Amino acid sequence: MRPIRAITRTAIARTAVTCAVVISVGAAMSTTAHAGTPDGEVQRQVATQIAAHGGTQTGPGEITYRNGAVKLIIPSARQAATCPGGWYCFFQYSNYRGRMLQFQDCGGDQFLGDYGFRNYTTSWQNHTGHTVEVFDEDVQPWKLLWTEHPTTEAVSVGTEADNRADFFTTYCA
Ligand SMILES: [Ca+2]
């Protein structure tokens, strides 16, 4: 059973990438007709993200990884991303704006670079009971940048930690 499932998954992933490319071409044509269309730009960024870091598009501006354990949201110009209950989220800009990378797993280390989010975080929200310790591994020894206690958030990580987060350890509630 396992080899068959693996093949199916690969086939699905290939189909998703093909769709993304086709949609991207459509978006490019649309941009020609309506210059600066935010939705077209979002779709272009989705295609770029999948080409660079894999994942499957599961909605407008939404890319899912690891069978749903991780999601990247690329919001349109009209609407900010929202960190749902039961997840903890990293945001590209202050005040929970820009791209949002959301997780729900606990009990180990996870690497933001796997999703193109290394040195990228400026604000965060933790809508779980887990505790998350976030590190910079570009310095020796690795530096603890901040700790996300259960149900807390920060509109900005501050100048010292801005765009430095590389990985985190999540302690289960
Ligand atoms: Ca770093």
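The values are calculated or read from the model by the stated rules, or taken from the named source; none is laboratory data. Everything quoted here is computed from the prediction, not taken from an experiment. Cβ sites come from the backbone with ideal geometry, for glycine too, and all protein chains shown count toward neighbours.
Key figures
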{"item": "Condition met for E137 (in contact with a strand residue (DSSP E or B) (Cβ under 7 Å, 6 or more places away or on another chain) and either under 16 Å from M100 (Cα atoms) or within 16 Å of the ligand (Cβ to nearest atom) (or both))", "result": "yes"}
{"item": "Matching entry among G107, G113, G85 (being among the small types (G, A, S), on the phi > 0 side of the Ramachandran plot and at pLDDT 95 or above)", "result": "G107"}
{"item": "Test set (1) more than 21 Å from V157 (Cα to Cα); (2) part of a strand (DSSP E or B); (3) assigned by TED's automatic domain parsing to the domain that holds A165 - I63 fails condition number", "result": "(3)"}
{"item": "The lone exception for E148 - which of (1) more than 16 Å from the ligand (Cβ to nearest atom); (2) in contact with a Ser or Thr (Cβ under 6 Å, 6 or more places away or on another chain); (3) not hydroxyl-bearing (S, T, Y) it fails", "result": "(2)"}
{"item": "Condition met for Q125 (over 13 Å from A165 (Cα atoms) and within 16 Å of the ligand (Cβ to nearest atom))", "result": "no"}
{"item": "Residue in segment 93-116 that is buried (at least 21 other Cβ atoms within 10 Å of the Cβ), within 16 Å of the ligand (Cβ to nearest atom) and closer than 17 Å to Q49 by Cβ present", "result": "yes"}
{"item": "Residue that is farthest from R99 (Cα to Cα), among those in segment 151-173 that are assigned to a strand (DSSP E or B) and away from the ligand (no atom under 16 Å from the Cβ)", "result": "Y171"}
